[in-house]
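Novice: Let me give you the structure first, and then I'll get to my questions.
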Amino acid sequence: MEKYLWIGFIGAVLALLFAVIQRNKVMSYSEGSPEMQKIAGLDYPPAFLPVLGDVYKGMCTTVMLHNTHLGKHLEAEEIYDLLAFHYSGGPVVKTAPFGEAPARLYTSQMAGTDGLLLTATGHQDQTLITAQFDNLGKGASGAAVQNMNLMLGFEETAGLNLA
């Protein structure tokens, strides 16, 4: 049961991150933290760190978690395991192997695709979860196509570029 709460928490965080893109603005710390804190049942708000760069396509969004503030103390690799389990076999969201993160996360790595790559890294006290995606693909139009497919009973990935 607890693992599903964590999956729900991560899903809520990602939903809030996508909401930022949909509104085409950056959510301030005070604007997003109460929802994240309430949904996850946290005593302290998570640190939300939007980083903007001068790029045409592609985006990285990172959430920093202080593991000691979570309801159950999980280490970074355990949080990664929950994400990897939840998204395993899924067509759109992939997880980078834990501990194999490159020295740099390139904003444009997912440019031109409708997929999303999650990288989780950290240690026993802190976890960083970064979502890499194309803000013009997965961020808006790709998400709309995926949702339309689901609502109309089509194959979830019809019309999406996941290469």
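What follows is calculated from the coordinates using simple rules that are stated; it is not laboratory data. Bear in mind that the values here come from a model prediction, so they are computed numbers and not experimental data. Glycine also receives a Cβ, built like all others from the backbone with ideal geometry; neighbour counts cover every protein chain displayed.
Novice: Order of Thr62, Thr127 from fewest to most other C-beta atoms within 10 Å? Could the numbers behind the result be given before it?
Specialist: Working: Thr62 17, Thr127 22.
Fewest-to-most Cβ neighbours within 10 Å comes out as Thr62, Thr127.
Novice: Can you compute the modelled spin-label distance between His123 and Leu150, with each label point 7 Å from Cα toward Cβ, in nm?
Specialist: In this crude spin-label approximation the distance works out to 3.7 nm.
Novice: Counting only other residues whose beta carbon sits under 12 Å from that of Asn67, what net charge do I get with K and R as +1, D and E as -1?
Specialist: Numbers: positive: Lys72; negative: Glu75, Glu77, Glu78, Asp125.
Residues close to Asn67 contribute a combined charge of -3.
Novice: So how far apart, in nm, are the two label points at Tyr106 and Met64 if each is 7 Å from Cα heading toward Cβ?
Specialist: Placing both labels 7 Å beyond Cα along the Cβ direction yields 2.6 nm.
Novice: How about Lys57: which aspartates and glutamates have a C-alpha closer than 19 Å to its C-alpha, ignoring those fewer than 8 places off in the same chain?
Specialist: By straight Cα distance, Lys57 reaches Asp114, Asp134.
Novice: Moving on to the next point. Where Rh denotes the Kirkwood radius from the mean inverse Cα pair distance, what is Rg over Rh for the stretch 54-111? Write out the running numbers ahead of the final one.
Specialist: Working: Rg = 13.7 Å, Rh = 13.6 Å.
Rg/Rh for the stretch 54-111 comes to 1.01.
Novice: Here is a further query. How high is the relative contact order of the stretch 79-124, given as a whole-number percent (alpha carbon pairs under 8 Å, six or more residues apart)? Let's see the in-between values first.
Specialist: On the way: 38 pairs, mean separation 20.3, N = 46.
Relative contact order comes out at 44 percent.
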